[in-house]
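Take a look at the structure set out below.
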Amino acid sequence: DHRDLHSFPTRRSSDLIAARVAVAVRYRAASSGALHDWIVHPYGLVLFGVGLYCIGYVVESAQIRTLKLVRVQNAAPTGATFQRPEAFSPDAFLEGAFGIFAPADGQTTHVTATFTGWAAVSLREQQWHPSQTILADEPDGLVAQFKLADTTEFTRWILGRSEERRVGKECRSRRSPY
């Protein structure tokens, strides 16, 4: 029922997470627009920027994924319960992410980039990522390194200001955002 689409995430998600109830979800992929029917074990909600996300185990892929709630087309509790891994922490899961997406394999990569113009000023003034390290800082620009778990959002960030950034190591995501 379309009337429930907006009320489900805000009113019921936290109850289902607390009760550890599995949810049947119809999810629209951002990259392709394809609809996926999944059973999700919701582990937690994360507010990132202006978006609300659910981090949970997707049974069909056997992976912990990050789902943007506005892409949920339909959701209904299945009645089945699940056990969340005792050691699971949303903060630990997102460690290394340049944003909200983290790969299931937990691997990280080092990315080195040169920044000029306002991009260099911006990096001098703000810590964009916890792993951000300035390797060289000269009047005409700086070189920074990042240790990232996924480069999807970092790539978007770099491409959005490509005239003032050069990436020293190829920066491609290991997977497409869903």
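The values are calculated or read from the model by the stated rules, or taken from the named source; none is laboratory data. This structure is a prediction, so every number in the text was calculated from the model and none was measured. When we count neighbours, we look across all protein chains shown, and the Cβ atoms used for this are built from the backbone with ideal geometry, even at glycine. Ligands, DNA and RNA are excluded from the accessible area calculation, which covers all protein heavy atoms including side chains. Shrake-Rupley method; radii C 1.70, N 1.55, O 1.52, S 1.80 Å.
Residues checked against (1) of a type in the set (Lys, Arg); (2) in contact with a strand residue (DSSP E or B) (Cβ under 9 Å, 6 or more places away or on another chain); (3) at pLDDT 90 or above:
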position: GLU60; (1), (2), (3): no, yes, yes
position: PRO77; (1), (2), (3): no, yes, yes
position: ALA92; (1), (2), (3): no, no, no
position: THR109; (1), (2), (3): no, yes, no
position: GLN127; (1), (2), (3): no, no, no
position: ALA144; (1), (2), (3): no, yes, yes
position: LEU148; (1), (2), (3): no, yes, no
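Could you list, ordered by first residue, the pairs with Cβ atoms under 6 Å in which the first is in the stretch 1-27 and at pLDDT below 85 and the second is small (Gly, Ala, Ser), at least 6 apart or interchain?
PHE8/ALA75
In the stretch 39-59, how many residues are in contact with a Phe, Trp or Tyr (Cβ under 6 Å, 6 or more places away or on another chain) and either of a type in the set (Phe, Trp, Tyr) or closer than 16 Å to THR81 by Cα (or both)?
4
Of all residues in the stretch 122-157, count the ones that are within 22 Å of PHE48 (Cβ to Cβ), assigned to a helix (DSSP H, G or I) and open to solvent by 40 Å² or more (accessible area, probe 1.4 Å).
Residues in the stretch 122-157 being within 22 Å of PHE48 (Cβ to Cβ), assigned to a helix (DSSP H, G or I) and open to solvent by 40 Å² or more (accessible area, probe 1.4 Å): 2 in total.
Looking only at residues in the stretch 35-52 that are of a type outside the set (Gly, Ala, Ser) and at pLDDT below 90, which one is farthest from VAL23 (Cα to Cα)?
Residue satisfying both the conditions and the ranking: VAL50.
Restricting to strands (runs of 3 or more DSSP E) lying wholly in the stretch 12-114: which have 1 or more residues that are more than 22 Å from THR152 (Cα to Cα), among the aliphatic types (A, V, I, L, M) and open to solvent by less than 40 Å² (accessible area, probe 1.4 Å)?
Details: elements: 21-28, 35-48, 51-58, 63-68, 72-81.
Qualifying strands (runs of 3 or more DSSP E): 21-28, 35-48, 72-81.
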